[in-house]
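The values are calculated or read from the model by the stated rules, or taken from the named source; none is laboratory data. Treat the numbers as computed from the prediction; the structure is a model and nothing was measured. Ideal geometry is used to build each Cβ from the backbone, glycine not excepted, and the neighbour counts take in all protein chains shown. Areas reflect the complete protein model, heavy atoms only, side chains present, ligands, DNA and RNA absent. Shrake-Rupley method; radii C 1.70, N 1.55, O 1.52, S 1.80 Å.
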Amino acid sequence: MTEIRLGIDVGGTFTDCVVLNKGQLFLDKIFTNPKSPADAVLEIIARQKIPGSVRIELAHGTTVATNAILERKTARVALITTSGFKHILHIGRQQRASLYNPRLMKAEPLVQEDHCLEIKERMDHQGQVVTPVTDQDLKKLLNKVKKIKPEAIAISLLYSFRNSLHEEQLARTLSAHIPCPLSLSSRVSPEIREFERTSTTAIDAAIKPIVSHYLTKITSNLAGLRVEPFHVMQSNGGVNLPEAVMKQPVNLVLSGPAGGVSACRSLAELTGEPNLIGLDMGGTSTDVSIIVDGRITTVEAGKIGGLPMQLPMIDIETIGAGGGSIAWIDQGGLLKVGPHSAGALPGPICYQKGGTDLTVSDANLLLGYLPADHFLLNLNMRYRGQNYV
């Protein structure tokens, strides 16, 4: 059976494709459509002109979730917590990333403070019901949630990792009356530590509509091709099917950067250099990782945009400062970079596509770090008329 392998990486500015066909590698690169990143995947596949009779093995990494979080362009979320805990995301923990920095600001949660709600319920530390959920309290909660008009709902109740009864009860009631996706902490991160578990669940809910729309559009438009299988890269370096990723999209947060780390590990093996530092600069974010003794380093929990995620993942440090990150002056007259990006449209000024905001790429060009006549997009990288049969 004739088959080819496609690797597609969607960033905030560019979408890259690597094709392995009969032992030969081919490359392609196009701009990402910021309004609909899924279009770039479909366009770059269509450009390859692969016959429908050819089996395609597709591996896909994306920064759609990463960039949405970094730029705070996520869905409107209603968070439901145990009575007395609705401020948990905004209080967080007392540890300071920089102990003596008087200007240190906490990362802004993905849920507005007035969208954080409570319900009277309680489990003890052994998972035994102390205060049951009443129908009256459920009705009051339902009315409050409806007023928010959420695009997604996050539920994180005390000790639900020991007993998910109340979270499941809330989920059944809410899903019956409000047509939006739900994220339950007992499913997303069933572990101790209330703040981290709630933060992880809120992130999952905030990106769920975005990721679901994105992957649904891709899969539905690939019906005419033999894509078997279609794998999506996850934050832990593994892959999963789109259907599973859409159920728990928080695992997709470091999807794009994870592919870069895997490539760095392969490079360590090829060069015989077991210890490497990986620096992956995209249009919106820059990701740093390390390879130690030829192995990828992993952690049991991490952060994205200053927000904790209590999930196993590759140890990647991500900051909102990529090639398209916009430079600006804050109220105190200090120079800032990002997290907002010029993206692909209009892009940095040096792309000559109508951009007017100064970006990191513009600074690199002016400083001579980027040769003006050697932009990768300008190179003749595309290939046409390949024989896939």
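Structure values in brief
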quantity	calculated
Per-region count, region 275-315, residues open to solvent by 10 Å² or more (accessible area, probe 1.4 Å), in a loop (DSSP other than H, G, I, E, B), of a type outside the set (Gly, Ala, Ser) and farther than 21 Å from residue 193 by Cβ	3
Yes/no for residue 107 being under 30 Å from residue 4 (Cβ atoms) and in contact (Cβ under 8 Å) with a residue 60 or more places away in the chain	no
Residue in region 215-224 that is open to solvent by less than 30 Å² (accessible area, probe 1.4 Å), in a helix (DSSP H, G or I) and over 16 Å from residue 67 (Cβ atoms) present	yes
Of all residues making up region 169-210, the number that are part of a loop (DSSP other than H, G, I, E, B) and in contact (Cβ under 8 Å) with a residue 60 or more places away in the chain	3
Subset of region 2-16 (residues that are of a type in the set (A, V, I, L, M) and either over 21 Å from residue 55 (Cβ atoms) or open to solvent by 50 Å² or more (accessible area, probe 1.4 Å) (or both))	10
Subset tally (residues that are open to solvent by less than 20 Å² (accessible area, probe 1.4 Å) and at pLDDT 90 or above) for region 69-88	8
Some residue of region 68-79 being under 20 Å from the mean Cα position of the chain (by Cα), of a type outside the set (Lys, Arg), assigned to a loop (DSSP other than H, G, I, E, B) and under 30 Å from residue 163 (Cβ atoms)	yes
Boolean, residue 318 is part of a strand (DSSP E or B), under 17 Å from the mean Cα position of the chain (by Cα) and either modelled with pLDDT of 90 or more or closer than 23 Å to residue 207 by Cα (or both)	yes
Of all residues in region 115-161 being over 22 Å from residue 181 (Cβ atoms) and under 28 Å from the mean Cα position of the chain (by Cα), the one that is least open to solvent (accessible area, probe 1.4 Å)	158
Residues of region 89-114 that turn out to be exposed (fewer than 15 other Cβ atoms within 10 Å of the Cβ) and outside any loop (DSSP other than H, G, I, E, B), as a count	4
